[in-house]
Amino acid sequence: MSTQASTSGSVNEARGRRSAEDVEDSKKHFRVCRFIIDTGVKLGMRSVPMATACALYHRFFQSASLQVYEPYLVAMSAIYLAGKVEEQHLRTRDIINVCHRYFHPEREPLELDGKFWELRDSIVQCELLILRQLNFQVSFEHPHKYLLQYLLSVRSLLNRHAWSRTPIAETALAVLKDSYHGTVCVHHKPQHLALTSLYLALQTYGVQLPRGELEWWQVVCADITKAQIETIMSELLQLYDMEAKCT
Amino acid sequence: MDHDFKTRLAAERERVEDLFEYEGCKVGRGTYGHVYKAKRKDGKDEKEYALKQIEGTGISMSACREIALLRELKHPNVITLQKVFLSHSDRKVWLLFDYAEHDLWHIIKFHRASKANKKPMQLPRGMVKSLLYQILDGIHYLHANWVLHRDLVKWAVYGFLCLCVSADMGFARLFNSPLKPLADLDPVVVTFWYRAPELLLGARHYTKAIDIWAIGCIFAELLTSEPIFHCRQEDIKTSNPFHHDQLDRIFSVMGFPADKDWEDIRKMPEYPTLQKDFRRTTYANSSLIKYMEKHKVKPDSKVFLLLQKLLTMDPTKRITSEQALQDPYFLEDPLPTSDVFAGCQIPYPKREFLSEDEPEEKTEKVTMSYRHGLGSYKGPDLQKFACTKNMHTQKSCI
C-alpha cells in the first residue's frame, strides 16, 4: 500500500517537475522570440520574414532540446535563414552588430577580429543545422494574407462609423504578430490563426456582427469550429500571461 | 554546441563522395554550378543519378528557395529531389536527382537540325501525343499548386521547356531551377518565339494561359519539326514587350484576330502601337488551318483541333491544362503511353562528358548568334550544335 502510494507520489513529482521544466522552457522561448522580433525590427525586417524566423525557431525546438542547443544562436541563424527564405537578404555583419548591441547596449560594436569571425562561422554552421533538422521544409504559409482577406470581409459587414471608431485591424494584426512568441504559430492552420486573431480583436472591443443563418466566422472560414477558436484563443491569452511573468 | 558533439555529428553524416561515383562524369556546367552523372558506390541499385553541385559555398538565397520548393513538389512528371548533401566543412551543397538522358530541347533541336540538313526525320505521332500529355499533366499539377507557392509561377512559365526524359523510364519530367532570372536561362528559352500575343502586347502579369500558349507552340513544333513562330531577332535584351517582327510572324501564321475573337485586345497597353503598325488586310490569307495543312495536318483531325484550342489568341478563351487533358485527342488511338519512347528506337545521342577544364560559358555565348537563326541557317555547324554540343540543353535542364 505504502509503496504504491510512494510510486504514484514520485510519478506525480516527476510529472510536476516536467511541467515546471516546460514552463521554464516556454519562458525561455518567449524571451528568445522577443529577441528575434526586437532585432528584426532594428534590422528593418518585414512582418513575414520575421514571422518565418520565429516559425523556424519554434520548428527547430520542436525536435531539438534546449539543453543541447544554444537558443540565441539558433535565433540569430533563424533570422539569417528567414531572410533567404523570404527574399529579404540580411547580412551576417548587420545581424551580429544588432544582436551584440541587444546584449551589450553600452559596448562598442565588435571588432572584425577572431571573435567576430568565430561568431559568424557559428551562425552559418547553425543555419545548416536548422536546414537539416527541418528537412529543408523552410517555407511556411503565414496567416497574414488570410487576416487581410478576413478583415476586408468583416469591414463590409459593419457600418463605416463602427469600423472607424475601433482599431480592429490594428489589434488583430498585433495579436497575430504576438502569436509568434509561442508555439501556437506552428501548431495551427494559418487560416485558423488569422481568424482567431480577428475574433479576439472583435471581442476585445465588444463589436457585434450581424448574424444570419451562420456566424460571421463560419462564413469567412468554413472549416473552423467554435471549440477550435476557443482552444487557440486560450493559447493566445496564455502568451499574454507569459509576458507578465517574463518581463 | 560543444566541439566533441560537432565532430561526432560530422563523422556520422553521409558524404556525397563516399556514396556516389561521379568523378570525370561531368555533363553540364553553368552559372548555377556543375552537374555530374553519378552511380551509387555500394551497388544498392544500378540507377543513374544526376548530382548537381551548387556554385559557391553555403546556402544562397536561390539555393534555399529552390530546395524548399523542390521538397514540396510530388508528381510523376515533375522532377523529384532525392537527397541533399550538405558538407559542414567546405559548406558545399549537392542535390541528387534521377538522371535524365534526354530532354525536350535535345529532341526539338535534333529534329530541327535534321530538317535543316534536308534529312527530315518526323517524330512518331504516338511519341508526340505522349510527350504532350505528360507536359500538360505536369503543368496542370504546377498550375493547381502555384497559388500556394509564388516560386511556382516562375517555375511553370519556362519549366516545361526544360523538360527531361529519362531513357530508362521514358517519363517526361518538368524541370527547371525556378529562381533563375529568365535571362539566365538558355537564350533560346527566352526567345520571343514561345511568347503569347498578350505578352507581346504589354500584359504585365504571367498567367496560366501564357504557359498554355507556349505548350501550343511546342506541340506545333513537335508535329512539324520547325518552330511555328520562328522569327529573326537581334535585340533579345530589349525591355520593350512590344515586338513587331514577332507579332508579324504570329499574324502571318494565324491571321489577324477578328474583333469578335479577341474583344479585350483593345485594352492591351500596346494596342495603339498595334493599330499604328499593323493592317488586318496584310494577313487576310493566313490561317492556322493553312499553315498546318502545309505540314500535312488535316484541319478536321483531333490533333489539329487541340492545337487550335491551345493556340487561341484571346487568353480568356484559351483552353486550360485540365480541359486539355480531357481532350478527345488523348482518347483516340494511339493512346498516350507513360513511356514516351514506347515502341520506337531512340535516335537521340546520349549526353557527353565534359572535361574538367572546358572553356567557360562566355565562349559559348559568342556562338549563340548562330543558334537564334537555327531554323534558317543551314551550315555544318548546325549539326555540331544539335548533336554533339548539348551544353545548353543541359544547362536549361539541370
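The values are calculated or read from the model by the stated rules, or taken from the named source; none is laboratory data. Quick caveat, the model's predicted, so the values are computed rather than measured. Counting neighbours? That spans all protein chains shown, and the Cβs are built from the backbone with ideal geometry, glycine included.
Odds and ends about this structure:
- Flag if residue A:37 is buried (at least 16 other Cβ atoms within 10 Å of the Cβ), at pLDDT 95 or above, of a type outside the set (S, T, N, Q) and under 24 Å from residue A:121 (Cβ atoms): no
- The listed residue being within 14 Å of another protein chain (Cβ to nearest Cβ) and either under 20 Å from the mean Cα position of the chain (by Cα) or farther than 29 Å from residue A:55 by Cβ (or both), out of A:139, A:164: A:139
- Here residue A:78 fulfils each of the conditions (1) surrounded by 15 or more Cβ atoms within 10 Å (Cβ to Cβ); (2) out of contact with any Pro (no Cβ under 6 Å at 6 or more places or on another chain); (3) without any contact (Cβ under 8 Å) to a residue 60 or more places away in the chain; (4) away from chain B (no Cβ under 14 Å) apart from (4).
- Scanning the range B:294-323 for residues that are touching a residue at least 12 places away in the same chain (Cβ under 8 Å), over 19 Å from residue B:203 (Cα atoms) and in a loop (DSSP other than H, G, I, E, B) gives B:295, B:297.
- The range B:53-90 - residue that is among the charged types (D, E, K, R) and crowded, with 18+ Cβ neighbours inside 10 Å and, of those, farthest from the other protein chains (Cβ to nearest Cβ): B:66
- Filter result for residue A:132 (in a helix (DSSP H, G or I), in contact with a Leu (Cβ under 9 Å, 6 or more places away or on another chain), of a type outside the set (A, V, I, L, M) and within 14 Å of another protein chain (Cβ to nearest Cβ)): yes
- Where a residue in the range A:154-165 is under 14 Å from residue A:201 (Cα atoms) and its partner, wherever it lies, is part of a loop (DSSP other than H, G, I, E, B) and among the basic types (Lys, Arg), with Cβ under 9 Å and at least six apart: none
- The range B:40-52, subset under 22 Å from the mean Cα position of the chain (by Cα) and not basic (Lys, Arg), residue surrounded by the fewest Cβ atoms within 10 Å (Cβ to Cβ): B:48
- Qualifying residue in the range A:184-198 (condition: assigned to a helix (DSSP H, G or I) and in contact with an Asp or Glu (Cβ under 6 Å, 6 or more places away or on another chain)): yes
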